[in-house]
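Data first, discussion second: the structure below is written as structure tokens.
The values are calculated or read from the model by the stated rules, or taken from the named source; none is laboratory data. Bear in mind the structure is a predicted one, so any value in this text is a computation, not a measurement. In this analysis, Cβ positions are derived from the backbone assuming ideal geometry, glycine residues included, and neighbour counts consider all displayed protein chains. Remember, those area values only see protein heavy atoms, side chains included, never the ligands or the DNA or RNA. Shrake-Rupley method; radii C 1.70, N 1.55, O 1.52, S 1.80 Å.
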Amino acid sequence: MPQSLSAIPAILTTTEELAAACARFAAHDFVTVDTEFLRETTFWPKLCVVQVASRDEVVIVDALADGIDLASLFELLGNEKVLKVFHAARQDIEIVWHLAGSIPAPIFDTQVAAMVLGYGDSIAYDQLVQRVTGTHIDKSSRFTDWSRRPLSAAQVNYAASDVTHLRDVYLKLAAALEKRKRTHWVFDEMSVLTSPGTYRQAPEDAWRRVGGRVRKPRDLAILIEVAAWREREAQSKNVPRSRVLKDDALTEVALQAPDTPEKLGAIRMIPKGWERSKGGLDLIEAVKLGLGRDPATLPRIAPPRIASNGASATVELLKVLLKMVAESQGVAAKVIATTDELDLIADNDEADVPALHGWRRELFGEKALALKQGRLCLAIEKGKVTALPR
């Protein structure tokens, strides 16, 4: 029998219990989902708890229970007939991607919906719950150790309240989106969250997250190889990247190209004595691989952009226009366009950026181009910025 939301949430510890619950959830048009995990000491998140709620039931899945098989849960998350509702879904989806090799779909992210409805940029869950439902969430259990067993009553109640409040938030946001004819705006945004490319962590792409001062082809070639080495080490040992080597150390290695233990040991960021360890020797081999790379095979790094006075002024005007549009339409500016996108629009009327496509173009992009081309001007009326045709 489905469990009433007013009862103590059920904690599922067996494969059979979970399969039965998922079969019940599959009969609903939507479920709300959240996860509790640990990641401080590992590369891959350690899933501890999954909480799921429908309109009339909430369950707590003990993902660490002996022998439990989560296959039925992953099947539910992939059920195209059931909408899965998350808040700030990316980390939750990353966990599913790592464990099951699949991505929940279809999904609805209440953080994105909140931005579309003008609740601000990337609003925190507890703030959204309070603003939408008037309920204050007790966050005292948020950072407890979710891997310890048994779970405390406070932890269970906290986990359950996350998805029951999420249900109430979803229903109100969905109604507001429908009323303002913006539902499709949110679902357009879900394509990034449901793309496997968002979650793949290929070692050959790891250099992109390091950044830093690397510009020359030789330095870039080394950075690509040493970052790939670190990524493989972190993944294979299941430790955070920084436990292998910190970003600033990687950057210095790329810039100094140490090809002997003595040269590696001379770099200040390298722990004393580490240069002769297996890790140190493997890193030196990665440096040598980088030195041997053909520059023609390297990805292109755009040079630092130095805006002219005219382009800089254009970007500033576009920022004012963006803020005006965001405030007048009740949409978070961040979800319409980023500063980088405004830079690109200032340079190119046909820039391939989201702000010049779909609903964003209709809302802001056309006005941005008109402002650039002198067909629109900004003025102040009664203390507010307004756009006027020229």
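Among the helices (runs of 4 or more DSSP H) lying completely within the stretch 19-135, list those that include at least 3 residues that are without any contact (Cβ under 8 Å) to a residue 40 or more places away in the chain and surrounded by fewer than 19 Cβ atoms within 10 Å (Cβ to Cβ). Per the criteria, 125-133.
Of all residues in the stretch 89-102, none are under 30 Å from Val335 (Cα atoms) and touching a His at 6+ places or on another chain (Cβ under 6 Å). Of everything in the stretch 260-275 that is farther than 17 Å from Ala227 by Cβ, in a loop (DSSP other than H, G, I, E, B) and in contact (Cβ under 8 Å) with a residue 12 or more places away in the chain, the residue that is least open to solvent (accessible area, probe 1.4 Å) is Thr260.
Tell me, which helices (runs of 4 or more DSSP H) lie completely within the stretch 276-390 with 2 or more residues that are at pLDDT below 95 and not aliphatic (A, V, I, L, M)?
Correct list: 309-329, 339-347.
Scanning the stretch 367-380 for residues that are touching a strand residue (DSSP E or B) at 6+ places or on another chain (Cβ under 9 Å) and among the charged types (D, E, K, R) turns up Lys367, Arg375. Scanning the stretch 363-383 for residues that are open to solvent by 40 Å² or more (accessible area, probe 1.4 Å) and free of Cβ contacts under 8 Å to residues at least 12 places away in the same chain yields Glu366, Ile380, Glu381, Lys382, Gly383.
Contact map, the stretch 187-215: residues that are over 15 Å from Leu298 (Cβ atoms) and in contact (Cβ under 8 Å) with a residue 40 or more places away in the chain paired with residues that are in a loop (DSSP other than H, G, I, E, B) and open to solvent by 50 Å² or more (accessible area, probe 1.4 Å), Cβ distance under 6 Å, separation 6+ or inter-chain. No pairs are found.
Against the list (1) in contact (Cβ under 8 Å) with a residue 12 or more places away in the chain; (2) within 26 Å of Pro354 (Cβ to Cβ); (3) in contact with a Ser or Thr (Cβ under 9 Å, 6 or more places away or on another chain), the condition Arg167 fails is (2). Working only within the stretch 177-211, note down all residues that are within 18 Å of the chain's Cα centre (by Cα), β-branched (Val, Ile, Thr) and not in a loop (DSSP other than H, G, I, E, B). Selection gives Val186, Val192, Thr198.
Here Gly330 meets the list (1) at negative phi; (2) out of contact with any His (no Cβ under 8 Å at 6 or more places or on another chain); (3) among the small types (Gly, Ala, Ser) almost entirely, failing just condition (1). With respect to the conditions (1) closer than 18 Å to Val214 by Cβ; (2) open to solvent by 10 Å² or more (accessible area, probe 1.4 Å); (3) free of Cβ contacts under 8 Å to residues at least 24 places away in the same chain, Lys278 lacks only one, and its number is (1).
Within the stretch 136-171, if we keep just the residues that are of a type in the set (Phe, Trp, Tyr) and outside any helix (DSSP H, G or I), the residue that is farthest from the chain's Cα centre (by Cα) turns out to be Trp146. Every listed requirement among (1) open to solvent by less than 40 Å² (accessible area, probe 1.4 Å); (2) at pLDDT below 95; (3) of a type outside the set (D, E, K, R) is met by Ser191 save one, (1).
Taking the numbered list (1) at pLDDT below 95; (2) exposed (fewer than 15 other Cβ atoms within 10 Å of the Cβ); (3) of a type in the set (D, E, K, R) in turn, Lys179 passes all entries but (1).
Within the option set Ala174, Ala234, Ala254, being part of a helix (DSSP H, G or I), more than 24 Å from the chain's Cα centre (by Cα) and small (Gly, Ala, Ser) holds for one residue only, Ala254.
Quick grid of which residues meet (1) surrounded by fewer than 21 Cβ atoms within 10 Å (Cβ to Cβ); (2) within 14 Å of Lys372 (Cβ to Cβ); (3) among the polar types (S, T, N, Q):
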residue	(1), (2), (3)
Thr314	yes, yes, yes
Lys319	yes, yes, no
Leu322	no, yes, no
Glu327	yes, no, no
Val331	no, no, no
Ala337	no, yes, no
Asp340	yes, no, no
Val353	yes, yes, no
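Does Val214 count as in contact with a strand residue (DSSP E or B) (Cβ under 6 Å, 6 or more places away or on another chain), open to solvent by less than 20 Å² (accessible area, probe 1.4 Å) and of a type in the set (Val, Ile, Thr)? No: the conditions fail for Val214.
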